[in-house]
Amino acid sequence: MIKKTPQTVILLNFGCPDIQQLARAIRANHIYTMVMPWTTPLARVMQEEPVGLILCRDPRAQEHPREKEAFQKAGVPILCLEDGSLDAQAALAFCREECGCQGLWRMEAFLEEAVQEVRQQVGDKKVVLGLSGGVDSSVAAALIHRAIGKQLTCVFVNHGLLRLGEPEQVQSVFRDAFDMNLVYVDASDRFLDKLLGVTEPERKRKIIGAEFIQVFAEAAAKVDAPFLGQGSIYPDFLESIPLDGDPKGVIKSHHNVGGLPEKMDFQLVEPLARLFKDEVREVGRLLGLPPVMIDRQPFPGPSLGVRCVGEVRREYLRMLREADAIFTEELRASGWYAKTWQAFAAFLPVKSVGMHEGQRRYGYTIALRAIQTSDAVTAQVVHLPWDLLEKVACRIPQEVEGISRVVFDCTPKPPATIEWE
């Protein structure tokens with residue numbers, strides 16, 4: 001459950017698609033906001049002890065005068081934004097002047113508060129956490145560890161679909177630098193054997209997800225912990241509720257580590273549940289996580305399994321890892337890594353004739369992709385400099401055995417998706 005925060009301003013959504021941008025703009029000024037649909041009962045809204053309400057309505061949206069009137073009787077200051085242009089300046093002025101907000105939403109204070117909350121919730125019990133190496137689970141692990149130390153055990157499952165050097169990097173940071181209890185499970189063969197011959201993307205996803213759940217469940221059962229730590233963040237909860245009041249508006253269901261079996265009776269510890277992604281990264285810096293981990297770009301749950309088009313073979317993954325590492329290295333060296341939301345290589349099982357050291361090579365293809373987006377619903381292609389692309393396109397066939405050609409994916413979303421599968 002998302003905990004109450006002092007000086008909370010609640011944004012009530014009456015069918016406004018841009019409400020999250022307004023919420024983020026207010027938060028950027030150190031004022032805590034929560035977004036709730038207009039269907040939320042007044043009693044539930046007031047449980048958060050808000051200092052003010054902002055009612056946001058798009059002019060195309062349906063009127064709900066009865067609900068609007070009910071909120072206006074809540075006894076707290078109210079601002080109605082109904083002109084279709086959500087004025088962040090007006091909202092900030094309202095928060096400061098009428099609600100008395102003093103800009104208390106700062107990550108230093110949040111971190112101290114979150115550590116105390118974890119200690120209070122857990123007591124002297126144990127917590128187990130599935131560590132993926134991604135930003136959210138890494139920051140959650142570091143925060144919970146600061147709170148309870150060796151009472152936390154992290155389970156890191158290597159499913160054979162990670163990027164080059166990732167298993168070693170995760171173990172080095174959390175076991176060595178942070179001195180955490182880390183259970184490393186190398187289940188590479190177990191996953192890759194099940195993926196042999198499978199080409200359909202959704203079937204690959206289901207195999208990877210189901211096997212991960214099984215491997216994690218086996219490792220977690222040995223820890224004997226009543227608490228499950230998760231890196232769930234605020235957008236996860238937003239996607240689980242219909243923000244316009246229509247159940248069809250649910251983006252996806254929030255679930256426990258990809259849908260853990262019901263017999264695993266855990267209580268959840270979710271210290272990041274109030275944070276947006278940029279706030280999670282700020283907390284990670286305060287906790288001392290290295291930039292290479294907290295500034296990394298989003299990585300899909302099925303990992304390289306959905307960047308290896310068609311069948312997943314060990315040799316294909318070897319080529320993909322090496323090519324992706326070269327692309328990332330050049331992006332970082334040129335300063336373009338931080339300018340893109342996501343940039344990666346995909347392996348295409350398409351062969352073409354090439355040349356290597358004066359000899360004919362009949363090798364596979366690597367596709368490069370770089371996109372920018374604010375919400376992942378739509379995405380635009382990043383116009384990388386031609387000399388950068390040319391350098392990467394020359395290095396990969398020269399340095400990665402089995403690759404003869406590199407192409408650049410210039411398709412936005414829509415009509416394409418961000419990932420290839």
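The values are calculated or read from the model by the stated rules, or taken from the named source; none is laboratory data. Not measured: the values here are computed from a predicted model. Note: ideal-geometry Cβ built from the backbone for every residue, glycine included; neighbour counts use all protein chains shown. What goes into the accessible areas is simple: the full protein's heavy atoms, side chains included, and nothing from ligands, DNA or RNA. Shrake-Rupley method; radii C 1.70, N 1.55, O 1.52, S 1.80 Å.
Rounding to the nearest 20 debye, state how big the charge dipole of region 262-358 is about its Cα centre with +1 on each Lys and Arg Cβ and -1 on each Asp and Glu Cβ. All intermediate terms of the calculation are to be shown ahead of the outcome.
On the way: 14 positive and 14 negative charges, 20 e Å.
It works out to roughly 100 debye.
Quick one: what does P(r) look like for the chain with 20 Å bins over all Cα pairs, in whole %?
23, 52, 23, 2
Placing +1 on the Cβ of each Lys and Arg and -1 on the Cβ of each Asp and Glu in the chain, which of Phe174, Ile31, Val51 has its Cα farthest towards the positive end of the resulting dipole?
Phe174
Taking a 1.4 Å probe, which of Trp386, Trp341 shows the most accessible area, and what order do the others take after it? Don't skip to the end; give the middle numbers.
Details: Trp386 185, Trp341 80 Å².
The residues order as Trp386, Trp341, largest area first.
Name the residues whose placed amide hydrogens come within less than 5 Å of the amide hydrogen of His356, ignoring near sequence neighbours (fewer than 5 apart) on the same chain.
For His356, the qualifying residues are Arg361.
Where Rh is the Kirkwood radius over the Cα pairs of region 366-414, the temperature 37 °C and the viscosity 0.692 mPa s, what D in µm²/s does Stokes-Einstein return? Numbers along the way, then the final one.
Values: Rh = 12.0 Å.
Estimated via Stokes-Einstein, D reaches 275 µm²/s.
Run through the DSSP bridge list for the chain and note the antiparallel percent, rounded to the nearest 5. Each step should come with its number before you reach the end.
On the way: 15 of 52 bridges.
Around 30 percent of the beta bridges assigned by DSSP in the chain are antiparallel ones.
Looking at the calculated P(r) for region 285-330, what percent of the C-alpha pair distances fall above 15 Å?
On the way: 590 of 1035 pairs.
That fraction is 57 percent.
Skipping prolines and chain starts, which residues have an amide H placed within reach, meaning under 5 Å, of the one on Asn181, given they are 5 or more residues away or on another chain?
Excluding prolines and chain starts, which carry no amide H, the hits are Cys154.
By Kyte-Doolittle mean hydropathy of at least 0.5 and Cα axial length of at least 15 Å, which whole DSSP H helices of the chain are selected? Walk me through the numbers before you get to the answer.
Values: long enough: 107-122 (22 Å, -0.27); 135-148 (20 Å, 1.11); 201-221 (30 Å, -0.02); 314-334 (30 Å, -0.59); 386-399 (20 Å, -0.31).
Qualifying helices: 135-148.
Just the projected area, averaged over all directions, of the convex hull on the alpha carbon atoms of region 267-353: how many nm²? Could the numbers behind the result be given before it?
Details: hull surface 34.3 nm².
Taking the Cα atoms of region 267-353, their convex hull projects to 8.6 nm² on average.
If you look at just the Cα atoms of region 78-134, how large are its Rg and its Dmax in Å?
Rg, Dmax (Cα atoms, Å): 18.9, 52.
If N is the number of residues in region 1-103, what value comes out of its Cα radius of gyration divided by 2.2 N^0.38 Å?
On the way: Rg = 12.4 Å, N = 103, 2.2 N^0.38 = 12.8 Å.
So region 1-103 has a normalised radius of gyration of 0.97.
Which whole-number value in Å² is the accessible area per residue of region 64-206, probe 1.4 Å? Show your work: numbers first, answer last.
Numbers: 6870 Å² over 143 residues.
The answer is 48 Å² per residue.
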